Amino acid sequence: MTWNTFTKAIEESGIENGNQAQILVKLFKRAGCINKKEENITESAANTWIKRIRNCKEFSYFPDKEMVKTQEVYNFFRRRPENKLKKLQEIFCEKRSDDSPVDCETKDMDVFCFSLVNQFLDLLKLEREDFSSFFHKENDSFDREHKEAETIKHIFNDKKKKTKSHDAEQSEHLLDIFDKSFRGFGVQDFLEVDPIESIEHFRIEDTYQFIGRIKVNQENRSEMRLDTDAEAYENISRFIEILWEYVAYLENNMRESTENNQWRYYIRDVSMEKEFRGKTDSYRQQLKSLYNTIDVEIEKRFNKHKEELRALQREAWEKNTQTTHITDRS
């Protein structure tokens, strides 16, 4: 497989915005490339590799396999919508060579995305990663997130068995996950940042993780016949859809650069500043308005729990009082 085939498949699948060169540049940066001669890998350089005008000197960007952030490459693919990953798999099935490690038969998207990591390593002329060791590394952040999602799923299934109105419980439970993740991944701070100046790279990454967390939990509920008319569920789905569009717009219209050893995004073309401001302001206003609506539902759920707790406390107090009276009479 060539860089052209690899990046063309990614472009056609729609999992990443931008042309082939932009996708390759992003992958190299995500993988932790270095180049002492250049501050940044350029799109023009990537284009020459894709068109095979000149060969990529892989060694100058990744001197050895340990330099490659394979977890980041894996995350680049795995945190995408399942339907787009399946489309990417179908495209690779038509294009891959016999010696390609891309797994076109598996239905497990973890396995498929891992095989893409090995394809990336193949193109860098580096040794492939071992599947078993890759997924059992300690302190693996994505592994922890995946396990947490599975735990949530099991807990949720237990709750489903104990309630007759499980559709409502599912919608409410998703509110809890949304609230926790919204705060945990700093999405509120992200929405407050005006990108016209610049925006930190980690904010984009954290937002992608937030989107991934919510989508995983939505997909876990797809087999549970969730009442999709539930207002809370619809609002969360709409919020994630617009947030995804907003982040994609930022990545398409901003460029990555380093400042004081920190990755930041800057507007790509200053001549489109007025249009850029209008679009980003619109996205942020929509998202803030939707969040305010969702927050009302979160507050209702919190108050409901508070009332239930008070009722339990009253019940416990009354039982204790009755026991005391009986003891006194004796």
(message) Let's test the formula: R0 of 35 Å, r as the Cβ-Cβ distance of E231 and R52. What FRET efficiency results, to the nearest 0.05?
(response) 0.05
(request) Please give the net charge around S289, taking every other residue with its beta carbon less than 12 angstrom from that of S289, where Lys and Arg add +1 and Asp and Glu add -1. (result) +2
(message) Using a 10 Å cut-off around each Cβ, can you sort T7, T293, T280 from fewest to most neighbouring Cβ atoms?
(response) T293, T280, T7
(request) Compare the peptides 70-80, 236-246 by average per-residue count of other Cβ atoms within 10 angstrom and give them in order, highest first. (result) 70-80, 236-246
(message) Please give the charge dipole size of the range 3-134, origin at the Cα centre, charges +1 on K and R Cβ atoms and -1 on D and E Cβ atoms. Round to the nearest 20 debye.
(response) 520
(message) Highest mean first, how do 87-98, 48-59, 19-30 rank when packing is the count of other Cβ atoms within 10 Å averaged over residues?
(response) 19-30, 87-98, 48-59
(message) With 10 angstrom as the radius, rank K125, K279 by how many other C-beta atoms surround their C-beta, starting from the fewest.
(response) K125, K279
(message) Given a Förster distance of 56 Å, report the FRET efficiency between N83 and L312 from their Cβ-Cβ distance, rounded to the nearest 0.05.
(response) 0.80
(message) At 7 Å along Cα-to-Cβ for each site, give me the label-to-label distance between S289 and R238 in nm.
(response) 0.9
(request) Compute the Kirkwood hydrodynamic radius of the range 28-121, taking the inverse of the mean of 1/r over all pairs of distinct Cα atoms, and give it in Å to one decimal. (result) 14.7
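Where a number appears in this text, it was derived from the coordinates with a stated rule and is not lab data. If you're wondering where the values come from, they're calculated on a predicted model, not measured in any experiment. Positions of Cβ are generated from backbone atoms using ideal geometry, with glycine treated the same way; all protein chains shown enter the neighbour counts.
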